[in-house]
Each structure stands twice: as C-alpha cells, then as structure tokens.
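Down below is the structure, laid out as structure tokens.
The values are calculated or read from the model by the stated rules, or taken from the named source; none is laboratory data. Source: prediction; values computed, not measured. Neighbour counts run over all protein chains shown; Cβ positions are idealised from the backbone, glycine included.
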Amino acid sequence: EGLALRGSQVITVVTTIILVAAMFWFLNKTRTGKSMRAFSDNEDLALLSGINPERVVTIVWILVAVLTTVGGTLYGLDKSYKPFIFFQLLLPMFASAIVGGFGNPLGAIAGGFVIAFSEVSVTYAFKKVVTYVVPESWAPDTLVQLLSTDYKFAVSFGILILVLLFRPTGIFKGQSV
C-alpha cells in the first residue's frame, strides 16, 4: 500500500522545515534575534545593554503574526475549518510544549513527535500488523486497536500528567511549569 501524500501535505512539510530553519538562524545569528533572546532571558540586563524593549516587542509581534498566518494557511490547505476547531488542537499543542520543555524550541519539536507518535500508536488499527505476526487461523476478522480514536486526547492528557508529575521541566530542560 505504501505512503500516500497529497501535494498540500508536502508543501506544508517543506514550508515548516524552511521556517523552522529560518527562525533558528534568525534567533542565533542576527543582532535582532540575539537581542530578542537576551530580552527574554533577563529584561533588566538587556535594558542595561542598550536593547530597545519596544523594538523587540514589536518585532516579536510581527513574527508571531507572520508565523500564525502561515500556519493557518497551511492548515487550511489540508483541513477544513470548522467552528471551535481549536479545541481539538489545543490539548496536543499544549502537551507538546510541556513535554518538550517550555523555552526550548528543539524540545517543543521533540514533544510534538512524542505526543503525535503516542496518539497514533495507541489508536492505530493493528489488524494488518497482527495478520503478519500470528498464524492465519488466529488472524482477526475485525478491527484490532488498543483504544478507540475517541480516546486520542486522553493519551495526550495522560502523557501531560505523567510529565508534570515526574519531570516538570520536560524532556529537554526548559522552564518549570
């Protein structure tokens, strides 16, 4: 059967990779990015260093607007918008940020992979996998999965609770929640 990707999904992945790389470059190599990082670490020290806080905040809001617009457009290419769609996206995004560690962009990416992989693996229909593993006489005739897809959010919530209990700073040490 293989993997089927639509053109819009390829565009989304390529655009995301380019934007993440551009943001890492911007935050680590440019003077403005370094001033943004300095201001987020210690406002008083940044002010003493001559960083203009109004300029930093303005640039941050412009970046947020651009990235949100691009993200919404890419989401709209692949999915349809419905009222209150954000409720379905809010818990996995929040859990990804906490699992990866607040304040750590690589941690947020890793947290997203952990949450997404956990949701998919627990709600995946294992019928084909089981058919290859067990003898034909034992092969199931119906759907085989650990949990219904309705419980996908419970998986995100469970991982979120476990991380908050045992490692509040996330997988990669970020700020404590």
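Structure above, values below:
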| item | result |
| --- | --- |
| Residues (of a type outside the set (D, E, K, R) and more than 15 Å from LEU67 (Cβ to Cβ)) located in segment 20-39 | ASN28, THR30, THR32, SER35, ALA38, PHE39 |
| Matching entry among LEU74, LEU63, LEU45 (being out of contact with any helix residue (DSSP H, G or I) (no Cβ under 6 Å at 6 or more places or on another chain), closer than 23 Å to PHE26 by Cα and surrounded by 13 or more Cβ atoms within 10 Å (Cβ to Cβ)) | LEU63 |
| Qualifying residue in segment 64-79 (condition: of a type in the set (D, E, K, R), within 20 Å of MET93 (Cβ to Cβ), out of contact with any Leu (no Cβ under 9 Å at 6 or more places or on another chain) and at pLDDT below 95) | yes |
| Contacts under 9 angstrom Cβ, first residue in segment 50-76 being assigned by TED's automatic domain parsing to the domain that holds SER40, partner among the aromatic types (Phe, Trp, Tyr) and surrounded by 12 or more Cβ atoms within 10 Å (Cβ to Cβ), 6 or more apart | ILE51/PHE39; PRO53/PHE39; VAL56/PHE39; VAL57/PHE39; VAL60/PHE39; LEU63/PHE26 |
| Listing of helices (runs of 4 or more DSSP H) fully contained in segment 14-84 that carry 3 or more residues being under 17 Å from ASN104 (Cα atoms) | 31-41 |
| Every residue from segment 105-153 that is loosely packed, with under 14 Cβ neighbours inside 10 Å, among the hydroxyl-bearing types (Ser, Thr, Tyr) and modelled with pLDDT of 75 or more | SER121 |
| Flag for MET93 being over 20 Å from the mean Cα position of the chain (by Cα), closer than 30 Å to LEU164 by Cβ and not in a loop (DSSP other than H, G, I, E, B) | no |
